Amino acid sequence: MVRLKKLTLEFPDKREEALYKRVFFRDSLPVTRIAVLLAAFLYALFGVLDFIFVSDHLRTFLILRIGIVVPFLLLFILLSFHRFFYRYWQFLLFLAFLITGVGIALMIALSPENWSYYGGLMLIFMVGYFFSRLRFIWASIGGWLNLIMFNVLMYLFADIDQQIFMAYNFFYASANLIGMFGSYYFEVSGRRNFYLSRQLDQKQRDLENINQTLESAVESRTRELKENEEKYRLIFERSPLGVFHFNDRWVITECNDHFANIIGRPRILLEGMHIKELSDKRITDAVERVLKGNKASFEGKYKPKGKGKANPVRILFAPIKRDMNKTIGGIGLVEDRSEFIEKQILEKQIAVARESVIFKQRFLANMSHEIRTPLTGIIGMIDILSQTRLNKEQKEYLSTLNLTSENLREIINQILDYSKIEAGRVTIKPRGFNFYELINNAQKLYETLCPPGVSLNVYIDPQIPEFIKADDHRVAQIINNLLNNAIKFTKEGTIDLLAMPEKWLADGALLLRIEVTDTGEGIQPEKINKLFKPFSQLDGVENQYFEGTGLGLSIAKELSDLMGGDIGVISEDGQGSTFWFNFKAEIVSREDAKKSINYSSLKKTGPLKILYAEDKLVNQKVVNIMLTSLGHKVTLVKNGQEALDKFEPGSFDLILMDIQMPVMDGVTATRKLKAKYADDLPPVVGLSANAFEGDREKYINQGLDDYLTKPVKKEDFMLLLHKLSIL
């Protein structure tokens, strides 16, 4: 419903009204120009007729027509081409309507007997109301002002019968009313049409927007469907499961390659095949349940028709339903369980292997403990005996006994090292140390072990920094192993130990290379590859006198790998051998390095009062003699409870605590002592045959201040006491 103001017929909405005025102006301008031009032409034409037929007031009429009205109308037409004409065109059109009407009214008043002028005024009313596109409000005002001016001018200048005058007024008033009605109708109709057109345009735009939205939605949905179809097709084709579809006539309509591989038939033959041809009643029973609208499954072994072995499979079936929940077919997912079952078997085998490794670790730990415990007594007594007066023959016997016991300890250590490496429990612990001191210590030790006729030479490249950061314990272990082997297989000649920088690495570290060259018998080329394998020893009569586990070089290889290096050998049969290894090291300053301790430089500390808890009588005697020989006083107890009862603050300077003891173990006793005496407790050092990787850290984390591994020697106690005195 169009709502307009009652008098002006304007839209209540100012924006709507402004838009209507612009549209009305645009549509009316051509018609208005024609109407005004026609009015100017008729005005001028009737002026010519006046010049021919009218004699009275001719001058006045010509001035009025040619001098005023026609120029104004022509000026109106010229102004209509100005860009701001839109703002005042209705007012100018109203003036044109008024001027042309007043001009005719004046000519009627001056020449009332000329009937043609009365028709001219009527023509002005028609143009003003119907042809000039003057709005209703302006046309109404202009029409009635013209009628008023007609009456005023007639009253002033005309002498006419009153009845005729009244008749003219009635006639012109009727013309005004009819013109107002028509103008009103035209404007209301125009505004209504404009409003409806606007509504239609809006609806059209809305429809276009809706259409675009729908088209976009359809396009997007089509694209999504296409993408989903591609995704489904990708999943369908590359699924790790066999996938197949079947309809309500039991026909396989589609399947993937994996399903064809499981069934054992080509895909092209399966698509279109009746399910019953799969020759397995359990599958057909499941399909029958699915076509009744139920889910089904099958698990067991399926044997393809013809040749082939039965494979373990699991098939899940589901119905496909559409209109009115009607089942139109189904889908099947087939899983080949062969790999799963093989994986289960493999996991069981891995679990068994893991349990075997754990059992071996426990066995080695127990055996190591049981062997190390009596070995402590043997090595300890040998050490004590070596400090007594012996004749030459006794010293030779004692030396043989010492070498045999050390060999036994080395065998135990190698077995444990290999077990740690095999279990992945060996970690590299780099620290700063004096590299030159480490090499010199090795030289001092192995010079005394070289047989007569064999000399040990050492060369350190001066480019090597004095202080480096690496795992000095593992570096020394590899050097010792290589030197031991060189001494074993060199009867005469020289053994050369060389250390040199191999290359600088991108991260600023240094790759150090160490070589041990001997003048022994050398190694045959076909036997070199066996050297770094576990439990490998060179065959031959010449080697039958050398004891060992065959683990030394394999352990050295693993350790060099862990230190970022490698190990190898260069040898020719009868020409001697060069064993080499390299490792990654960082350069550190003297202040940051932890200097290695030379046993010969250790100062005796004491005398100390030491409480020693040990349940084995032999170990009690050996350790007691060792510590007493160093000038210390030892108090012996048999278990942790006795140590707890015996200890009093200030009565002891050190506590040695065996780990495994009856009544109360060493760890429990240490915890109770620390809980009871706290700061009044001296250092508590653990003493045990447990020598696996991490045992030392484990016991220190449980409360011990330090830890020694059996078998122990006098030098071990000297080193311990020296370190505790530093602390």
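The values are calculated or read from the model by the stated rules, or taken from the named source; none is laboratory data. Quick caveat, the model's predicted, so the values are computed rather than measured. When we count neighbours, we look across all protein chains shown, and the Cβ atoms used for this are built from the backbone with ideal geometry, even at glycine.
Key figures
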{"quantity": "Per-region count, the range 471-519, residues in contact with a strand residue (DSSP E or B) (Cβ under 7 Å, 6 or more places away or on another chain), within 15 Å of residue 556 (Cβ to Cβ) and among the small types (Gly, Ala, Ser)", "calculated": "1"}
{"quantity": "Verdict on residue 243 being in contact (Cβ under 8 Å) with a residue 60 or more places away in the chain and either loosely packed, with under 10 Cβ neighbours inside 10 Å or outside any strand (DSSP E or B) (or both)", "calculated": "no"}
{"quantity": "Count of residues meeting criterion [more than 24 Å from residue 381 (Cα to Cα) and at pLDDT below 80] in the range 699-727", "calculated": "5"}
{"quantity": "Residue in the range 685-694 that is out of contact with any Phe, Trp or Tyr (no Cβ under 9 Å at 6 or more places or on another chain), free of Cβ contacts under 8 Å to residues at least 40 places away in the same chain, surrounded by 21 or more Cβ atoms within 10 Å (Cβ to Cβ) and not polar (S, T, N, Q) present", "calculated": "no"}
{"quantity": "Pairs, first over 18 Å from residue 689 (Cβ atoms) and β-branched (Val, Ile, Thr) in the range 642-667, second at pLDDT 90 or above and in a strand (DSSP E or B), C-beta under 9 Å, six or more apart", "calculated": "655/610; 655/611; 655/612; 655/613; 655/684; 655/685"}
{"quantity": "Candidate set from the range 706-725 (those that are part of a loop (DSSP other than H, G, I, E, B) and basic (Lys, Arg)); member that is farthest from residue 695 (Cα to Cα)", "calculated": "713"}
{"quantity": "Test result for residue 93, closer than 30 Å to residue 200 by Cβ, within 60 Å of the chain's Cα centre (by Cα) and among the aliphatic types (A, V, I, L, M)", "calculated": "no"}
{"quantity": "Residue within the range 470-489 that is assigned by TED's automatic domain parsing to the domain that holds residue 580, assigned to a strand (DSSP E or B) and under 20 Å from residue 564 (Cβ atoms) present", "calculated": "yes"}
{"quantity": "Any hit, the range 86-97, residues being assigned to a helix (DSSP H, G or I), within 29 Å of residue 56 (Cα to Cα) and either touching a strand residue (DSSP E or B) at 6+ places or on another chain (Cβ under 9 Å) or without any contact (Cβ under 8 Å) to a residue 12 or more places away in the chain (or both)", "calculated": "no"}
{"quantity": "Count - residues of the range 589-621 that are modelled with pLDDT of 80 or more, out of contact with any helix residue (DSSP H, G or I) (no Cβ under 8 Å at 6 or more places or on another chain) and surrounded by 13 or more Cβ atoms within 10 Å (Cβ to Cβ)", "calculated": "4"}
{"quantity": "Residue in the range 512-530 that is more than 12 Å from residue 578 (Cβ to Cβ), surrounded by 18 or more Cβ atoms within 10 Å (Cβ to Cβ) and modelled with pLDDT of 90 or more present", "calculated": "yes"}
{"quantity": "Residue count, the range 149-170 (criterion: free of Cβ contacts under 8 Å to residues at least 40 places away in the same chain and either surrounded by 12 or more Cβ atoms within 10 Å (Cβ to Cβ) or over 23 Å from residue 99 (Cβ atoms) (or both))", "calculated": "11"}
{"quantity": "Whichever residue in the range 76-98 is out of contact with any helix residue (DSSP H, G or I) (no Cβ under 6 Å at 6 or more places or on another chain) and loosely packed, with under 14 Cβ neighbours inside 10 Å and, among such residues, is nearest to residue 176 (Cα to Cα)", "calculated": "91"}
{"quantity": "Residue 426 being out of contact with any Asp or Glu (no Cβ under 9 Å at 6 or more places or on another chain), within 24 Å of residue 509 (Cα to Cα) and in contact (Cβ under 8 Å) with a residue 60 or more places away in the chain", "calculated": "no"}
{"quantity": "Residue 192 being of a type in the set (Lys, Arg) and under 30 Å from residue 24 (Cβ atoms)", "calculated": "yes"}
{"quantity": "Qualifying residues in the range 310-344 (those that are surrounded by fewer than 10 Cβ atoms within 10 Å (Cβ to Cβ) and farther than 22 Å from residue 285 by Cα) - the one modelled with the highest pLDDT", "calculated": "322"}
{"quantity": "Test set (1) more than 34 Å from the chain's Cα centre (by Cα); (2) under 24 Å from residue 326 (Cα atoms) - residue 264 fails condition number", "calculated": "(2)"}
{"quantity": "Every pair of residues 6+ apart whose Cβ atoms lie under 7 Å, when the first sits in the range 189-202 and is closer than 10 Å to residue 2 by Cα while the second is acidic (Asp, Glu) and loosely packed, with under 11 Cβ neighbours inside 10 Å", "calculated": "none"}
{"quantity": "Of residues in the range 52-84 being in a loop (DSSP other than H, G, I, E, B) and of a type in the set (Ser, Thr, Tyr), the one nearest to residue 99 (Cα to Cα)", "calculated": "80"}
{"quantity": "Scope the range 440-460; condition of a type in the set (S, T, N, Q) and either in a strand (DSSP E or B) or modelled with pLDDT under 85 (or both); matching residues", "calculated": "441, 448, 455, 457"}
{"quantity": "Any hit, the range 127-148, residues being hydroxyl-bearing (Ser, Thr, Tyr), touching a residue at least 12 places away in the same chain (Cβ under 8 Å), surrounded by 20 or more Cβ atoms within 10 Å (Cβ to Cβ) and not in a helix (DSSP H, G or I)", "calculated": "yes"}
{"quantity": "Of all residues making up the range 1-17, the number that are part of a helix (DSSP H, G or I) and surrounded by 11 or more Cβ atoms within 10 Å (Cβ to Cβ)", "calculated": "2"}
{"quantity": "Residue in the range 474-518 that is nearest to the chain's Cα centre (by Cα), counting only those that are closer than 19 Å to residue 585 by Cα and charged (D, E, K, R)", "calculated": "507"}
{"quantity": "Verdict on residue 270 being in contact with a strand residue (DSSP E or B) (Cβ under 7 Å, 6 or more places away or on another chain) and crowded, with 16+ Cβ neighbours inside 10 Å", "calculated": "yes"}
{"quantity": "Any chance residue 254 is of a type in the set (Asp, Glu), under 24 Å from residue 328 (Cβ atoms) and assigned to a helix (DSSP H, G or I)", "calculated": "no"}
{"quantity": "Cβ-Cβ under 6 Å pairs, at least 6 apart or on other chains, the range 21-36 side in the same structural domain as residue 89 (by TED's automatic domain parsing), far side assigned to a helix (DSSP H, G or I) and at pLDDT below 90", "calculated": "25/86; 35/127; 35/131"}
{"quantity": "Single residue of 284, 327 found to be part of a helix (DSSP H, G or I) and of a type in the set (Ser, Thr, Tyr)", "calculated": "284"}
{"quantity": "Tabulated pairs, the range 1-14, first more than 12 Å from residue 135 (Cβ to Cβ) and modelled with pLDDT under 80, second surrounded by 10 or more Cβ atoms within 10 Å (Cβ to Cβ) and β-branched (Val, Ile, Thr), C-beta under 9 angstrom, 6+ apart or interchain", "calculated": "2/188"}
